1. Which lysines have a Cα less than 26 Å from the Cα of K108, not counting those fewer than 8 places away in the same chain?
2. For labels at K14 and K220 in the simple 7 Å Cα→Cβ model, what's the distance in nm?
3. Using a Cα-Cα cut-off of under 26 Å, which lysines could be cross-linked to K243, ignoring same-chain neighbours fewer than 8 residues away?
4. Find the Rg to Rh ratio for region 168-228, where Rh is the Kirkwood radius over alpha-carbon pairs and Rg uses the same atoms.
5. Sorting Y282, Y89 by accessible area (1.4 Å probe), largest first, what list results?
6. Which shape class applies to region 50-161: rounded if a/c is under 1.5, otherwise prolate when a/b exceeds b/c and oblate if not, where a ≥ b ≥ c are the square roots of the Cα gyration tensor eigenvalues?
7. Using θ = phi - 60° and the Karplus curve 6.51 cos²θ - 1.76 cosθ + 1.60, what whole-Hz ³J(HN,Hα) does each residue of region 41-51 get, with Gly and Pro shown as x?
8. Cut-off under 29 Å on the C-alpha distance; same-chain residues fewer than 8 positions from K170 excluded. Which lysines are left, in chain and number order?
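The values are calculated or read from the model by the stated rules, or taken from the named source; none is laboratory data. Computed from a predicted model, the values in this text were never measured in an experiment. In this analysis, Cβ positions are derived from the backbone assuming ideal geometry, glycine residues included, and neighbour counts consider all displayed protein chains. For accessibility, only protein heavy atoms count, side chains too; no ligands or nucleic acids. Shrake-Rupley method; radii C 1.70, N 1.55, O 1.52, S 1.80 Å.
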Amino acid sequence: MSRSAAKVGNLRDKLDGNELDLSLSDLSEVPVRELAALPKATVLDLSCNKLATLPGDFCSLTHIVRLDLSKNQLLQLPSEFGRLINLQYLDLLQNSLTMLPVTFAQLKSLKWLDLKDNPLNPALAKVAGDCLDEKQCKDCALSVLQHMKVIQEEQERDLQRKFLEEQVLKKKREAEQRQREEREREQKRKQKAKQKARKRRDYNALQAAQQDVKKETEKKGTENHKTSAGASQKKQPQRRSWKRLILQMVVFLLMVTVAGVAVCRYTDLRTQSVCSNVNTVYEDTVRTLQSYHLVESVLKFGSQQ
């Protein structure tokens with residue numbers, strides 16, 4: 001049990017019908033949990049205490065219809081005060097309030113309001129006016145609700161404008177981010193293209209070098225082949241020229257010999273000593289050839305027998 005609950009004791013004992021009087025109880029805190037357990041207490045009097053704030057969960061007491069918070073030390077009301085949608089009567093006399101929460105505009109059931117003796121914002125004080133009689137307190141409730149609705153709408157427009165500005169800024173940042181990413185991608189593509197072009201140049205240079213080496217090798221091989229073939233061709237005509245020369249010499253000697261024999265046989269020079277020797281050699285040669293012919297004939301005749 002909280003200290004506030006201990007001060008007020010058993011709240012059920014203080015409940016009179018639908019009215020719960022906790023005034024003059026020296027409260028600095030509101031016993032929200034104990035009040036939530038008494039949904040029948042639609043009329044709540046917390047006047048003449050030491051309340052400086054109301055806890056946020058106080059706004060869950062939506063069953064409250066009449067609320068008296070006069071003569072406390074409240075500096076502000078909870079931001080969710082508008083959740084008390086059934087609230088019709090609200091007394092805030094002699095507190096330290098300067099402003100009301102924007103959600104105050106949601107108290108559509110509010111019909112009576114007293115804001116006297118609070119250091120209200122001048123604009124709010126002008127709208128609230130006095131609450132010296134029933135009519136003025138009702139007018140105060142109506143005027144303040146309309147004023148708070150205007151403030152709420154202005155805040156909503158500001159929030160909407162800020163939201164739209166944030167959306168525009170967000171889209172701008174996203175567009176800039178996309179542009180940066182696109183520039184980075186383009187830069188990467190260019191780098192890759194440069195690397196690919198460099199690799200292709202290196203590859204083509206290597207292929208060209210290999211082709212040059214191959215051509216040089218083939219050229220040297222061809223030159224060597226031509227050199228060897230030329231040498232062989234040179235040797236062959238040389239050999240052929242020697243054979244031709246020897247043959248020509250033999251023919252020449254044979255012609256010379258035949259001519260000499262003819263001269264020595266059929267001219268007046270046959271009586272000369274040189275021709276005598278030539279004739280003798282000639283006759284010996286003829287007899288030898290005839291003897292070879294005679295032997296061949298004998299042999300042929302023998303074979304026939």
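1. Excluding near neighbours in sequence, the set is K40, K71, K116, K126, K135, K138, K149.
2. That separation, rounded to one decimal, is 11.7 nm.
3. K226, K234, K235
4. Expressed as Rg/Rh, it is 1.63.
5. From most exposed to least exposed: Y282, Y89.
6. Rounded, since a/c falls under 1.5.
7. For region 41-51, the Karplus curve yields 7, 7, 10, 10, 10, 10, 6, 6, 10, 10, 7 Hz.
8. In chain and number order, the partners are K162, K188.
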